Structures are given as structure tokens and as C-alpha cells.
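Enquirer: Structure provided below as C-alpha cells; questions to follow.
The values are calculated or read from the model by the stated rules, or taken from the named source; none is laboratory data. As the structure is a computational prediction, the values presented were derived from the model and not from experiment. We place every Cβ from the backbone using ideal geometry, glycine too, and count neighbours over all the protein chains shown. Heavy atoms of the whole protein, side chains included, go into the accessibility calculation; ligands, DNA and RNA do not. Shrake-Rupley method; radii C 1.70, N 1.55, O 1.52, S 1.80 Å.
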Amino acid sequence: MTRTGQLRDIRTTPRRTALISGASIAGPALAFWLNRYGFAVTVVEKAGALRDGGYPIDVRGTALEVVRRMGILPRLREAHIDLRRLTFLDGDGGEVASVDPHTLTGGVAGQDVEVRRGDLTDALYTAVRDDVEFLFNDSIATLDQSGDGVDVTFRGGSTRTFDMVFGADGLHSRTREFLFGPEEQFHRYLGYCFAGFTMRNTFGLSHETVLWNTPGRAAALYAVGDDDEVHGFLNFAHPEPPFDAFRNPQAQRDLVSKVFADAGWEVPGMLAAMHDADDLFFDAVSQIRMPRWSSGRVALVGDAAYAPSFLTGQGSSLALVGAYMLAASLADRDHAAGFAAYEDDTREFVTLNQDQVREGDAALFPTTARALEQRNDMLRELSGAVPASAGRPAHSALALPPIRPR
């Protein structure tokens, strides 16, 4: 934390202290708003630095108002990816349909923002780095709550006490595990796994996505601009979530290679690129559904509490909105009342967005030949359709409370 930030926030009463685990999206957003409401904030991140680049993500609906209030919307608009076409191919590589992306996402052209994940995380970090302490290459080892605070031991060996602790550490949150036990009891598996990575753009693609499908398998090449690289994406149906592979990159590569071993089109080259990629991201297509998001002085936010899955397109937006609502709930309340208000005011919005996809029902990734043909018929009808003038109600179903005074 800078000396300027320290002097600016001198108060006659001690500042409440907060530790946030995770420096991706929900973490820095929560840090921004907690700092705005007078907290002394520390963010701990197990990685050595922020991730740059990364696959594209959407900011839409209510989340657009959050980033506007943070002052970073102009920067995100400058980084906006102008995706112009989404082309679907059959198993032989022949074109099924080519559609405007907004006709499928429910987004609003000219309003929604789509950026590389790294552009969003960097904008959030830049907005708060001078006022918040960041501890990279470290993580929480133990949590011990008492009536007066939370005693934290870090893996680096240090110990500190905070008034509150927040888990913003993703779908496989260790903070959630500390509080509530194993992930499996909250993990709602949607029947798919995916792998994402970057590879050379030898296909002449620009501002477009090409998606190949056979029943239960999909491969996509996503060109966010005129770059020399594209994002490769391999998605496949799998009967059970491969928990053993989540923290084992070699097991992830082996599983994906086995599933796509006999696939055609550009898939063999994608598999080769996946094996060489240093930015492989693998996970299950899942949601986190919890009856409550807090325990004592510790609360969860973003994917750690309510991951909606990428099928909804709302993961980043829920993280941003949740962070805003959590901080606003604590602005003039203690932890018990604040956490209760956070859940009361935010859960309906979260559930509405999670319910945009039903278990095992991913329209873009059919698992049977009949379902695939039905999807293709739907796409042919959409080809050439004019995008909707307004997004799905779920995106904008929550009206943000005003920024509270300090």
C-alpha cells in the first residue's frame, strides 16, 4: 500500500481489516469497493503475478454499471473484441450455418463488452493497486475464527489476524473447503469438460469463431482479432467430473487426447498444440450451488460461491456484481448483518442467471445425433437473423443500490 493511500485514509477509529483470497476478477473488484468503504484490504494470490491474455469473457447487463461506477468502462470499451461471425461446421468440416454472435448470446450489440480475460483483470488491478496490499506467490494455509477476528496462517509462514476473510478463489475454492468441506457437495456437474489454450493462427481467421461438432464433442477456433494466435477450445461430454485431473495438467492432456483421438477437421493439430501449450486451462462445466455463502467472519464471492458455468456467459458478470453487493452490504453493517444482507439482496439474481442452463442441457453441445441435427436446424433458421435489441432479462435483473457514503 502506498504512503499516499495510507495518509488519505487516516481515521480516528481503526479501519476494519479484510483479507481476500484470489486476485482474478471477484477479488480485486471486492478489494476496490471495500477500500472505498474504509477497509484496510489485503489480497493474497497463489500465482506469482496476474495472468495476461486469456480467453475472451463478457461483461453485460448489471455488471456494466459496476465497471462504470469503478471508472474502468472506457478502458474496457477500448479493449472490446469485435466478434463478427460464428460459423458452425459438421463432422466433415462442412458449413452448417454462420450467425451473428449476439443472436445466440442474448447480448446487446454496442452495449455489452467482450474482452480478453487479462484485459479485465489488469484493469481491475490497476484501479486498486495503489490502495490495497497484494501478496503474490502465497496463499492461506489455515483459518482460525474467534469472536474478535480470523487468525490466518499463510503458506509462506507468516501469521496475521483480520476482521474478515473473503474467498474469491474460484470454482475449486480452498477457502470454501476450509469453511464448508469438500467441493463435491456443492458441485453441480453439467456433463461436460473443456480445455482451452492458445495456438498459432494458420487458418486465416479474423474476428470470428469456427465451431466443429460431432455428438458429445466440439472443437472451436476463436480469433479475437487479426493476431498471429487463436484460442483453441475442446469441449466434450463426460459422465462424471474428473476431480483427480483438476490439479494434474498431464492427466488433463491425456484425457482430452483420448476423447478426441479419432476426430477429424483441425482437431489433430489442436491436440498437438494443446500438448505444447504453456497456458492450458482445463475444467469441468459446472456450477456451485450453496445454501449459504458465509460462516462466521468468512464469506465467499464469485465462482467460489456461485459459479454459473461458461454456458451462461455470466461468470465474470456475476463476480463483478457479487463483489459490489457484498461490499455495499458491509459499508454500514457488521459482518453478521452485512453477510445476511448480501445473501438476501443478491441470491435471486444469482439463481436467475444460474438457471439459464439446465443440467445436461447445453444446446450448443448436443450429445446425440438427433439433438445435433435439431440444433443445426435451429442454427439454419437463425442464419441471417437480426440480433435482439435487448439482452436476456437475467443479465439486468438486479438494480444496484447507490454507492454508500463512507
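Enquirer: Over all distinct Cα pairs, what is the inverse of the mean 1/r for the stretch 304-365, reported as the Kirkwood hydrodynamic radius in Å?
Expert: Numbers: mean 1/r = 0.0795 Å⁻¹.
12.6 Å is the Kirkwood radius here.
Enquirer: Pick from Glu114, Glu208, Glu177 the residue whose mean-square fluctuation is largest in a GNM of the chain, springs joining Cα atoms under 10 Å.
Expert: Glu177
Enquirer: Let me ask another. Can you give me the accessible area per residue for the stretch 83-191, using a 1.4 Å probe, in Å²? Walk me through the numbers before you get to the answer.
Expert: Working: 4650 Å² over 109 residues.
That works out to 43 Å² per residue.
Enquirer: Related question: Nothing charged except the Cβ atoms of Lys and Arg (+1) and of Asp and Glu (-1): what's the magnitude of the dipole of the stretch 137-286 about its Cα centre? Round to the nearest 20 debye. Display every interim value, and only then the final one.
Expert: Details: 10 positive and 23 negative charges, 73 e Å.
Roughly 340 debye for the stretch 137-286.
Enquirer: Sticking with this one: Could you give the angle, 0 to 90 degrees to the nearest 10, between helix 369-382's Cα long axis and the longest principal axis of the Cα atoms of the chain?
Expert: Computed tilt is about 80 degrees.
Enquirer: Right, another one. Please name which of Leu19, Ser286, Leu398 has its Cα lying farthest along the dipole of the chain towards the positive end, using unit charges on Cβ (Lys, Arg +1; Asp, Glu -1) and the Cα centre as origin.
Expert: Leu19
Enquirer: Which residue, chosen from Ala123, Gly157, Phe88, occupies the Cα position most advanced towards the positive end of the dipole of the chain, where the dipole is computed from +1 (Lys, Arg) and -1 (Asp, Glu) charges on Cβ about the Cα centre?
Expert: Comparing the listed Cα positions along the dipole, Gly157 ranks first.
Enquirer: By the scheme Lys and Arg +1, Asp and Glu -1, what is the net charge of all other residues having a beta-carbon under 13 Å from that of Thr198?
Expert: Details: positive: Arg51, Arg116, Arg117, Arg200; negative: Asp52, Asp227, Asp228, Glu229, Asp276, Asp278, Asp279.
That works out to -3.
Enquirer: Between the alpha-carbon centers of the stretch 52-84 and the stretch 165-202, tell me the distance in whole angstrom.
Expert: The two parts, judged by their Cα centres, are 22 Å apart.
Enquirer: How much length is gained on full extension from Asp148 to Lys46, taking 0.36 nm per residue of separation minus their Cα-Cα distance? Could the numbers behind the result be given before it?
Expert: Details: separation 102, 0.36 × 102 = 36.72 nm, distance 2.65 nm.
Working it through step by step, the gained length comes to 34.1 nm.
Enquirer: If you don't mind, there's one more thing I want to ask. Angle check, please: helix 26-36 long axis (alpha carbons) against the longest principal axis of the chain (alpha carbons), in degrees 0 to 90, nearest 10.
Expert: 30
Enquirer: How would the stretch 134-186 be classified by its alpha-carbon gyration tensor: rounded, prolate or oblate, with rounded meaning a/c under 1.5 and the a/b versus b/c comparison settling the rest? Show your work: numbers first, answer last.
Expert: Values: a/c = 2.06, a/b = 1.30, b/c = 1.59.
It comes out oblate by the Cα gyration axes.
Enquirer: A further question follows. Going by amide H atoms built from the backbone, whose H comes under 5 Å of the H on Ala40, apart from near neighbours?
Expert: HN-HN under 5 Å from Ala40: Arg16, Thr17, Ala18.
Enquirer: Hey, any idea what % of the stretch 113-255's accessible area is carbon plus sulfur with a 1.4 Å probe? All intermediate terms of the calculation are to be shown ahead of the outcome.
Expert: Numbers: 2620 of 5930 Å².
That fraction is 44 percent.
Enquirer: Same structure again: Computed over the Cα atoms of the stretch 264-359, what is the ratio Rg over Rh, Rh following Kirkwood? Mind dumping the intermediate values first?
Expert: Details: Rg = 17.6 Å, Rh = 15.3 Å.
Rg/Rh: 1.15.
Enquirer: Round to the nearest 10 and give me the degree value, 0 to 90, for the angle of helix 335-354's Cα axis relative to the longest principal axis of the chain.
Expert: Between helix and principal axis, roughly 10 degrees.
Enquirer: Could you work out [θ]222 nm for the chain from helices alone, using -39500 (n - 2.57) per DSSP H run of at least four and dividing by all its residues? Round to the nearest 500 deg cm²/dmol.
Expert: On the way: 13 runs with 130 residues, N = 406.
Taken over the chain, the calculation gives -9500 deg cm²/dmol.
Enquirer: While we're looking at this one, here's another question. Can you work out the base-10 log of I(q)/I(0) for the chain at q = 0.07, 0.08, 0.14 1/Å, using the Debye formula on its C-alpha atoms alone?
Expert: Computed log10 I(q)/I(0) values: -0.33, -0.43, -1.30.
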